[in-house]
Amino acid sequence: MDWLESGRTDRFIYQRIAYPSFRYIGDIAEATSCKLTRSAGTSLKVSASLGLCRHIDFGNDLVRIISRSELNGEVAEIVHATLFAALPSRSQYYEAASGKADLYSTLLVLQSKKVRNTLTIPKNTNAIEWARATIVSLGLQCTVTPSNSRLNVAKTYERDTNYLTIINELCDYAGYGSANVNGYGGIVLAPYQNPASKKPSRIISDKGRGIVAPEFEITADYFDVPNVVSLVCSNDSVTFSATAEFRDPKSPLSLANRYEVTYTESVQDCPNQAALNQKAQQRLQDKLSYVERCTMNHPYLPDNLNDVWQVDYTRAGYSVRGSIYEQDVEFKPGMPTKTVLRKFVDVG
């Protein structure tokens, strides 16, 4: 389907899904509205609010959000999210009731489970395989890119540390991004990808078949952005360090044109010097990605968090190439969407 072409019709399906079996129970006919929020900067990644014309006791069940779009006889069905539901408040008028269900991603299972005493993960444990096995043991599906990364020292976690924190630390150790979630509620573990190395998955313009609204907002904060990252790691009796510097002479943020702003971090564990060097470069890339953000409004496009867009506001003389950092999607005709792009700086 050509998502940039006008004339698309959308309809929405809300399904009740049993937990922990993930079995389909039935459609939720009482849904009146829905707004979905996705954010790469939050631990749960996805949340939503669901308007209801009648009180529903969801218990431990989940809500699956589906859109079905049609254009020129072509149909595209997208499963956007499968989320736990809570109904904190409702209005009652005689027998009539209305309310709003707050929806949370299945990463909530990992966030809610905490270490009871202490937890030690032995040396030589495959970090990603341990994370996968733990996720599956908690009743969740897991899609994972295999890794050979093994802990070179044992890792110990204290009481009350939640399992999402543990898994994200193991992912960081192995060079993976933080745990994500797919539309069916499965957890996704995948290697980190430098956004600057990605080609744009979509090019959008305000002319021709451009679909972005003419209004857009730019937020820039250069004050605390580092141009040097310094990491140190101690493994057993060995301590090593790594530094990444931004020296692009064309950028006002670089050491060539600005005073040094240093970000320091102590890394608990890293396999070797090469891995720490890579991590320092990754940290520098991430920190520079917070410099500038562009917020735009448009009809829904089927892209994911961290996908790269090239957006050209030719009339305003502004272009941005950045990764999708946040999105709000309203489930009504046209599926109005607000997208926040992080404009990244290529550190090389």
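The values are calculated or read from the model by the stated rules, or taken from the named source; none is laboratory data. Source: prediction; values computed, not measured. Here the Cβ positions follow ideal geometry from the backbone for every residue, glycine too, while neighbour counts run over all protein chains shown. These accessible areas exclude ligands, DNA and RNA; they are computed on the full protein's heavy atoms, side chains included. Shrake-Rupley method; radii C 1.70, N 1.55, O 1.52, S 1.80 Å.
Tabulated results
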read-out	value
Boolean, Lys279 is at pLDDT 95 or above and surrounded by 14 or more Cβ atoms within 10 Å (Cβ to Cβ)	no
Strands (runs of 3 or more DSSP E) wholly inside the range 150-231 that include at least 2 residues being in contact (Cβ under 8 Å) with a residue 24 or more places away in the chain and under 30 Å from Ala256 (Cβ atoms)	216-220
Matching residues, the range 289-342, being open to solvent by 50 Å² or more (accessible area, probe 1.4 Å) and of a type in the set (A, V, I, L, M, F, W, C)	Ala316
So Val232, is it surrounded by 12 or more Cβ atoms within 10 Å (Cβ to Cβ), touching a Pro at 6+ places or on another chain (Cβ under 9 Å) and of a type in the set (Val, Ile, Thr)	no
Selection within the range 139-149 - open to solvent by 40 Å² or more (accessible area, probe 1.4 Å) and in a loop (DSSP other than H, G, I, E, B)	Gln141, Thr145, Pro146, Asn148
Which listed residue, of Lys199, Lys250, is open to solvent by 70 Å² or more (accessible area, probe 1.4 Å), out of contact with any Gly (no Cβ under 8 Å at 6 or more places or on another chain) and within 25 Å of Lys338 (Cβ to Cβ)	Lys199
Within the range 44-60, tally of residues that are more than 15 Å from Tyr104 (Cα to Cα) and either among the polar types (S, T, N, Q) or open to solvent by 50 Å² or more (accessible area, probe 1.4 Å) (or both)	4
Sole exception among (1) in a loop (DSSP other than H, G, I, E, B); (2) surrounded by 20 or more Cβ atoms within 10 Å (Cβ to Cβ); (3) of a type outside the set (Gly, Ala, Ser); (4) modelled with pLDDT of 90 or more for Cys270, by number	(4)
Residues within the range 191-207 that are over 21 Å from the mean Cα position of the chain (by Cα), at pLDDT below 80 and not basic (Lys, Arg), tallied	1
Sole residue being more than 27 Å from Tyr300 (Cβ to Cβ), among the hydrophobic types (A, V, I, L, M, F, W, C) and either out of contact with any Pro (no Cβ under 9 Å at 6 or more places or on another chain) or modelled with pLDDT of 95 or more (or both), chosen from Ile166, Ile187	Ile166
Strands (runs of 3 or more DSSP E) contained entirely in the range 293-348, each with at least 2 residues that are touching a strand residue (DSSP E or B) at 6+ places or on another chain (Cβ under 9 Å) and within 19 Å of Val46 (Cα to Cα)	318-330, 336-343
Residues within the range 28-43 that are open to solvent by less than 30 Å² (accessible area, probe 1.4 Å) and either at pLDDT 95 or above or farther than 30 Å from Gly177 by Cα (or both), tallied	5
